[in-house]
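Taking it in order: structure first as structure tokens, then the write-up.
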Amino acid sequence: MPYKLLAIAGSPVKDGNLETFLEHILTIAVKKGLTTDAVYLSQLKVKDCTHCNFCISKQIPGKYCSQNDDAQQIYEKMEQADIILLASPVYFMRTSGRMASFIDRLRVFLFGNLVKGKLKNKIGVSAAVAWIRHGGFETTHLSHIGVFLGFEMIPVSVHYGVCMLGASAVASPGGSGEFDKNTRLGVLNDKPGLDSAEFFIHRARELAKLTRKKKSGQ
């Protein structure tokens, strides 16, 4: 049975560098035998969490949160996934505001009377695109890894490549920060960044295999 990877893209820009990097990651995942699905927050409506505490005691199948938006469909996809990938552009040394708002809505899996603990032992992968080479990869990945740890997921790390915390690519030439008006998707020119995607998908699949064996008692 193939491992299922769900990717969630937190860029507000449709078809920009982050979503292009994510498409590259998904292509690698398919080549490695994973089934993939992707959620693009740029195309969905996900409201801010209001901490109304509906999720603590009022969850029912098909409705984990009091708000009526596109979050429910993402929740259900996350439940079915073996590997969850959070991908964001670097905004002020952290994950994007859009991704942060979505992360807040995940408290349904922390306290929910129906789905509390449903993300435990899933594999978590972080991916990020920055404008410059040292422009905030680590802190953006840590934004995502903190989420994985909170849900008792298993974060993926790789000791080689651009950054050991997550797949990391830059959008400016060589990560220099220079602007080339003729290049819109500079992430496609960052070979070390593109290579890092393969390292993390390989390790994620390896961890998913190990956890499935443990569950089956092998």
Requested in this report: Within the stretch 185-202, work out how many residues are farther than 23 Å from residue 84 by Cα and without any contact (Cβ under 8 Å) to a residue 40 or more places away in the chain.
Outcome: 3
Report summary line: Selection from the stretch 157-174 of residues of a type outside the set (Gly, Ala, Ser), within 13 Å of residue 90 (Cβ to Cβ) and in a loop (DSSP other than H, G, I, E, B) yields 162, 163, 165
Query - Top-ranked residue of the stretch 22-58 - restricted to ones that are among the β-branched types (Val, Ile, Thr) and either surrounded by fewer than 17 Cβ atoms within 10 Å (Cβ to Cβ) or more than 14 Å from the chain's Cα centre (by Cα) (or both), ranked as farthest from residue 191 (Cα to Cα) - result: 56
Query raised in the report: Going by the structure shown, is residue 19 surrounded by fewer than 17 Cβ atoms within 10 Å (Cβ to Cβ) and either of a type outside the set (Ser, Thr, Tyr) or within 13 Å of residue 197 (Cβ to Cβ) (or both)?
Result: no
Query - Qualifying residue in the stretch 35-50 (condition: more than 30 Å from residue 138 (Cβ to Cβ) and part of a loop (DSSP other than H, G, I, E, B)) - result: yes
Query raised in the report: Taking the stretch 70-113 as the search range and keeping residues that are over 29 Å from residue 132 (Cβ atoms) and touching a helix residue (DSSP H, G or I) at 6+ places or on another chain (Cβ under 6 Å), which one is surrounded by the most Cβ atoms within 10 Å (Cβ to Cβ)?
Result: 108
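In the stretch 114-136, what count of residues is obtained for those that are in a loop (DSSP other than H, G, I, E, B) and either crowded, with 22+ Cβ neighbours inside 10 Å or on the phi < 0 side of the Ramachandran plot (or both)? Don't jump to the end; show me each part of the working.
First, pick out the residues of the stretch 114-136 that are in a loop (DSSP other than H, G, I, E, B): 114-122, 131, 133-136.
Next cut, either crowded, with 22+ Cβ neighbours inside 10 Å or on the phi < 0 side of the Ramachandran plot (or both) only: 114-116, 118-120, 122, 131, 133-135.
Summing the residues that are in a loop (DSSP other than H, G, I, E, B) and either crowded, with 22+ Cβ neighbours inside 10 Å or on the phi < 0 side of the Ramachandran plot (or both) in the stretch 114-136 gives 11.
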Query raised in the report: Taking residue 165, is it surrounded by fewer than 21 Cβ atoms within 10 Å (Cβ to Cβ), modelled with pLDDT of 95 or more and either in contact with a strand residue (DSSP E or B) (Cβ under 8 Å, 6 or more places away or on another chain) or on the phi > 0 side of the Ramachandran plot (or both)?
Result: no
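Out of the stretch 63-79, which residues are touching a Lys or Arg at 6+ places or on another chain (Cβ under 6 Å) and part of a helix (DSSP H, G or I)?
Across the stretch 63-79, the qualifying residues are 71, 79.
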Query raised in the report: Does the stretch 80-102 hold any residues that are touching a Lys or Arg at 6+ places or on another chain (Cβ under 8 Å) and either of a type in the set (Val, Ile, Thr) or assigned to a loop (DSSP other than H, G, I, E, B) (or both), and which are they?
Result: 81, 82, 83, 84
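The values are calculated or read from the model by the stated rules, or taken from the named source; none is laboratory data. Owing to the predicted nature of the structure, the values given are computational and were not obtained by experimental measurement. FYI the Cβ positions are ideal-geometry reconstructions off the backbone, even for glycines, and counts take in every protein chain you see.
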